[in-house]
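This report concerns only the one structure given below.
The values are calculated or read from the model by the stated rules, or taken from the named source; none is laboratory data. Just so we're clear, the structure is a prediction, and the values are computed from it rather than from any experiment. No Cβ is skipped: glycine too gets one built from the backbone with ideal geometry, and neighbour counts run over all protein chains shown. Ligands, DNA and RNA are excluded from the accessible area calculation, which covers all protein heavy atoms including side chains. Shrake-Rupley method; radii C 1.70, N 1.55, O 1.52, S 1.80 Å.
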Amino acid sequence: MSTKTQHWQTLWTHVNLATMTDGAKTYATIENGAIAIANGKIAWLGTTAELPDFDTARVKVIDGKGAWLTPGFIDCHSHIVYGGNRANEFEMRLEGKGYEEIAKAGGGIISTVKATRAASEDELFNRALKRLTVLHQEGVTSIEIKSGYGLDTDTEIKMLNVATKLGQTLPVTVQRTFLGAHALPVEYQGRADEYIDLVCKEMIPHMAKSKLADAVDVFCEGIGFNLAQTEKVFAAAKAHNLPIKVHAEQLSNLGGTKLAAKYQALSADHIEFLDEAGIAAMKMADMTAVLLPGAFYFLRETQLPPIELLRKHGVSMAIATDVNPGSSPINSLQLMLNMACTFFRLTPVEVLAGVTCHGAKALGLSSSKGQLAVGYDADIACWDINQPAELCYQFGVNPLTHLMKAGEIVI
Ligand code: NIG
Ligand code: FE
């Protein structure tokens, strides 16, 4: 018996593997393959023909019967913790009002802030748990969850506590991002710089010290914060060793992405209006572009993200749901796979990379998640499909048959 196989606990046989170890170039497929798990990690993978001897009495063998395995999906941008909903604004938009117009009139993010402040932690948790459960059932094993509907220290903490608890309740890795600079709360109307001071001097130090946040994000936009304010938040995040992300170039080209690149941000998200100079800056800083087809669809945007330029410069592209009550109340990562193809004309391999290896990169988790490779976390989705493109091609019939989280079968 090979000593290499002695510690194996689980072995999938008769499976096809889309290992996603090749970025968005290929699926890095292993057909008629097998994959072994030990201590929550991938211990071995290869073709059935290469499978070494192992102790059949000790290893639990699962016959995959020709199914496909991919890395568990990573939803690297979400706002799933929030109070209330904004169906009324949806109705207003159908009656002719614009998203920015509603936001400027005190609706938008600010109306969700009211509902989130009023909600108890349990209420927020129960609602978010439902959303996360659905995402999990679609194959999500890691998710990023942002705060940003509190805009005061206590409610921001409440949101991040809920995010923490979600990760302790479901077998899903939760990365928490502090988004205190999401919008200007009403009590700071006309005093944006003072609010930014609160974010930088009170909130960020607290989130860092209490280890409630894994990253810091800013909404850099006309209806969000300007470049100078954004930079203050980035500097505070850096000073507390928190990685940076940015909502930028969603509705206009303010230069938030370029600024984020200066601070070695993990990602710039949305970026419909990003120009080539911004893309070059992203590449230099090895940032990931997080594309959000749900928001593009729901706001009926017409400006497509600069996909060709992102390809030309070799910038990694991730895909995420952006689940939130205003711009993307669409709680399905599987639907995003389809929309990224139909709206953004990404190829299925780019899209699958977007929710696996590139999703991991957008969260700074590239060395442990998003690929089927030896030493990586055994977060693995098993699909009843005949080829990987089916994951993008159809929507509405969930092809997930099993899900492994850290080597345990959880679905
Ligand atoms: O990612 N762009 C800013 N934040 C969210 C929208 C939040 C909202 O409208 O509630 C987004 O689209
Ligand atoms: Fe967002």
Determine, yes or no, whether Lys104 is open to solvent by 30 Å² or more (accessible area, probe 1.4 Å), more than 23 Å from the chain's Cα centre (by Cα) and more than 12 Å from ligand 1 (Cβ to nearest atom). yes
For the condition surrounded by fewer than 24 Cβ atoms within 10 Å (Cβ to Cβ), under 19 Å from His79 (Cα atoms) and either more than 15 Å from ligand 2 (Cβ to nearest atom) or not hydroxyl-bearing (Ser, Thr, Tyr) (or both), what is the one hit in Asp269, Asp214? Asp214
Of the candidates Arg117, Arg176, Arg127, the one satisfying the condition of being closer than 22 Å to Ala318 by Cβ and either more than 16 Å from ligand 2 (Cβ to nearest atom) or open to solvent by less than 40 Å² (accessible area, probe 1.4 Å) (or both) is Arg176
Please state which of the following conditions Glu221 fails to meet, knowing it meets all the rest: (1) more than 16 Å from ligand 2 (Cβ to nearest atom); (2) within 30 Å of Leu304 (Cα to Cα); (3) over 20 Å from the mean Cα position of the chain (by Cα). (1)
Please specify each residue of the stretch 314-373 satisfying the condition of being in a loop (DSSP other than H, G, I, E, B), touching a Ser or Thr at 6+ places or on another chain (Cβ under 6 Å) and of a type in the set (Gly, Ala, Ser). Ser316, Gly370, Ala373
Criterion (in contact with a Lys or Arg (Cβ under 7 Å, 6 or more places away or on another chain) and under 30 Å from Ala38 (Cα atoms)) met by exactly one of Ala353, Ala360: Ala360
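Matching residues to (1) at pLDDT 95 or above; (2) open to solvent by less than 10 Å² (accessible area, probe 1.4 Å); (3) in the same structural domain as Tyr297 (by TED's automatic domain parsing); (4) farther than 27 Å from Leu310 by Cβ:
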residue	(1), (2), (3), (4)
Met203	yes, yes, yes, yes
Val233	yes, yes, yes, no
Ala239	yes, no, yes, yes
Lys283	yes, no, yes, no
All positions within the stretch 31-50 that are in contact with a strand residue (DSSP E or B) (Cβ under 6 Å, 6 or more places away or on another chain) and open to solvent by less than 40 Å² (accessible area, probe 1.4 Å): Gly33, Ala34, Ile35, Ala36, Ile37, Ala43, Leu45
Suppose we filter the stretch 53-73 for residues that are under 30 Å from the mean Cα position of the chain (by Cα) and under 17 Å from Lys41 (Cα atoms); how many remain? 6
